[in-house]
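For reference, the structure discussed in these notes is given below.
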Amino acid sequence: MSFNINNLVRNNIRNLKPYSSARDEFKGEASVYLDANENSLGSPLVKWYNRYPDPLQWKVKKKLSTIKNIAPEQMFLGNGSDECIDLLYRCFCTPAKDNVVILPPTYGMYEVSANINDVEIRKAPLLNNFQLSITRIEELVDENTKIIWICSPNNPTANSINRTDIYTILNNFNGLVVVDEAYINFSRQQSFIKDLQDYPNLVVMQTFSKAWGLAGLRVGMMFASEEIINIINKVKPPYNIGIHTQELVLQALENIADVNEMIKLLVDMRNALSEVFLRVPIVEEVYPSDANFILVKIKEARKVYNFLLTKGIVVRDRSNVQLCEDCLRITVGTELENTKLIDGIDAYLETIAE
Ligand SMILES: *Cc1c(COP(=O)(O)O)cnc(C)c1O
C-alpha cells in the first residue's frame, strides 16, 4: 500500500511553524522560573496552580503506555474525544475541498465537527444488521476522501463492527481510518491499538468518559503512528490539558482494579437489563450490546419516552434516526436506577392496558 502521511496532511499544516511555548523552549529543571509570565506569588487556593502544565502530558502518557502497551510518542490526549475529532479535521481535511465518510447511524460529532470545519460528509449507511456495507463505502470514496469514521462498538446501535470488514477498509483505503473505541471496555473485542504497527493509516480513539467514569474531566485519547501524532501536536492548543486534570487522570490510572470492577458490574447489569426488556410485551427487539447501553425497539417509542420523563427518568429517544425507528437508547444505571426504569415501564404498560 502506498500510504504516505505527507500526501494527506493539509499544505498549511505541513508548512506550519508551531507555537513554541516557554515549556517547549526550556525543558530542564531550574530553581527560578521567570520565563512564562505566570504569577510567581501563587494561587488563591490551598494548592497552587500558578504554573503552566506539561504541554504533552508525559507523566500520564508514560503510565498509560504500560496499560495500553504502546509508546507514549504514539499517544495524543485531548479535551475529550471532541478535541481529537476536531484536530483530525483541521490537520487532514481542507475545507470546501476534501470529504470524509461516516457510517450512520453513528456518533453525531463526526458530522457536526465536519460541518464546523466546512468538510463534506458522505454517508454510507450501515446494513440492516448494523454492519458495514463495503460496497456503499467504496462507491463514495474518491481522491479527496481523507477519513473514514468507524465507531466500534457503535453508538447508538451498541454492536461491534466485524473485524474483517475493518481490515478490508484498512487494506484498501489510502486515507485515515479512525476506529472510535469509546465503548471497547464493555466488549469482548480486542482493541485495534495492536494493529497500529501494521497499518500506518489507522487511528484509534478511546476516552476516559465511559468505562473510566471521568466524563467530567474531559480527556480523550488518540493512538496512531508517531508521524500522525506529531502533526496533531503541532496544531493542538499548547496547554490543552490542565494540571489538575493530568493529576487526577494519573491517580485514576493507579486505580485500574476499581475500573475493572465497575466494568464487570456494568456488563452484568447490562445483560440483566436486556433480559428484562426482552420479556416486556411492547418490546420488539433488544439489540445485542457490546457497550454500557442497550438499544431497544419498542412500540410507540416516543410515547414511552415522554411517559418516562413524567416519572423523572431520561433515556435517549433515537426513534427519528435512520435504522433506529422506534428505538430508545438506554444507559445502564445503578441497580436502583435500573429498578426505577423497569417500574416506569411497568407503569406505562398499565396506562395502555386501561
Ligand atoms: C461518549 C462517546 C465518546 C466520548 O466523547 P468524549 O468527548 O471523550 O467525552 C466518543 N465517541 C463515542 C462514539 C461516544 O459515544
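Here, each number is a calculation from the coordinates, and none is a lab measurement. Just so it is clear, the structure is predicted and the values come from calculations on it, not from any experiment. Heads up, the Cβs are rebuilt from the backbone with ideal geometry, glycines too, and the neighbour counts pull from every protein chain shown.
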Notebook entry, point to check: How far, in nm, would the chain grow between Phe26 and Ala96 when pulled straight, counting 0.36 nm per residue and subtracting the alpha carbon separation?
Noted result: 21.3 nm
Note to self: As a test of understanding, state the convex hull volume per residue of the stretch 65-214 from its alpha carbons, in Å³.
What the structure shows: 110
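How large is Rg over Rh for the stretch 176-247, taking Rg from the Cα atoms and Rh as the Kirkwood inverse mean of 1/r across Cα pairs?
Working: Rg = 13.3 Å, Rh = 13.5 Å.
When Rh is taken as the Kirkwood radius, the ratio is 0.99.
When ranked by the protection proxy of mean other Cβ atoms within 10 Å per residue, highest first, what sequence do the peptides 10-23, 284-297, 258-271 form?
Details: 10-23: 12.6, 284-297: 21.1, 258-271: 15.1.
The densest-packed peptide leads the list: 284-297, 258-271, 10-23.
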Item checked: Two-decimal Rg to Rh for the stretch 129-191 - Kirkwood Rh, Cα set -> 0.96
Item checked: Largest-first principal axis extents of the Cα set of the stretch 33-147 (Å) -> 61, 35, 25
Next item on the list: Any chance you could give the angle, 0 to 90 degrees and rounded to 10, that helix 335-353 forms with the longest Cα principal axis of the chain?
Entry: 40
Notebook entry, point to check: Which are the unpartnered cysteines of the chain, meaning those with no other cysteine Cβ under 4.7 Å from their Cβ?
Noted result: Cys84, Cys91, Cys93, Cys151
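At 0.36 nm per residue, minus the direct Cα-Cα distance, what do Val46 and Leu34 gain on full extension? Give it in nm, one decimal, please. Please report the intermediate quantities before stating the final value.
On the way: separation 12, 0.36 × 12 = 4.32 nm, distance 2.24 nm.
Working it through step by step, the gained length comes to 2.1 nm.
If you build the Cα gyration tensor of the stretch 193-306 and take the root of 5 times each eigenvalue, what three semi-axes come out, in whole angstrom, biggest first?
Values: eigenvalues 255, 70, 48 Å².
Equivalent ellipsoid semi-axes, largest first: 36, 19, 15 Å.
What is the local net charge at Glu227, summed over the other residues whose Cβ is closer than 14 Å to its Cβ (Lys, Arg +1; Asp, Glu -1)?
On the way: positive: Arg14, Lys234; negative: Glu73, Glu226.
Net of charged neighbours comes to 0.
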Next item on the list: Beyond 32 Å between alpha-carbons counts as too far, so tell me which of Lys123/Lys236; Lys17/Lys146; Lys123/Lys264; Lys210/Lys236; Lys47/Lys236; Lys63/Lys311 fall in that bin.
Entry: Lys123/Lys264; Lys63/Lys311
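May I ask for the Rg/Rh ratio of the stretch 257-353, computed from Cα atoms with Rh as the Kirkwood radius, given to two decimals? Could the numbers behind the result be given before it?
On the way: Rg = 13.3 Å, Rh = 13.7 Å.
Radius of gyration relative to Kirkwood radius: 0.97.
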Notebook entry, point to check: Using the alpha-carbon atoms, what tilt in degrees (0 to 90, nearest 10) does helix 301-310 show relative to the longest principal axis of the chain?
Noted result: 80
Checklist line | Angle in degrees between helix 80-92 and the longest Cα principal axis of the chain, rounded to the nearest 10 | finding: 60
Item checked: Cα Rg, Dmax, the stretch 66-121, angstrom units -> 13.3, 41
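Please state, to two decimals, what the Cα-based radius of gyration of the chain comes to when divided by 2.2 N^0.38 Å (N = residues). Working shown, then result.
Details: Rg = 22.3 Å, N = 354, 2.2 N^0.38 = 20.5 Å.
After normalising by residue count via 2.2 N^0.38 Å, the value is 1.09.
Among residues other than Arg136 whose Cβ falls under 13 Å from its Cβ, what is the net charge (Lys/Arg +1, Asp/Glu -1)? Walk me through the intermediate numbers first.
Values: positive: Arg122, Lys123; negative: Glu138, Glu139, Asp165.
Summing Lys and Arg as +1 and Asp and Glu as -1 gives -1.
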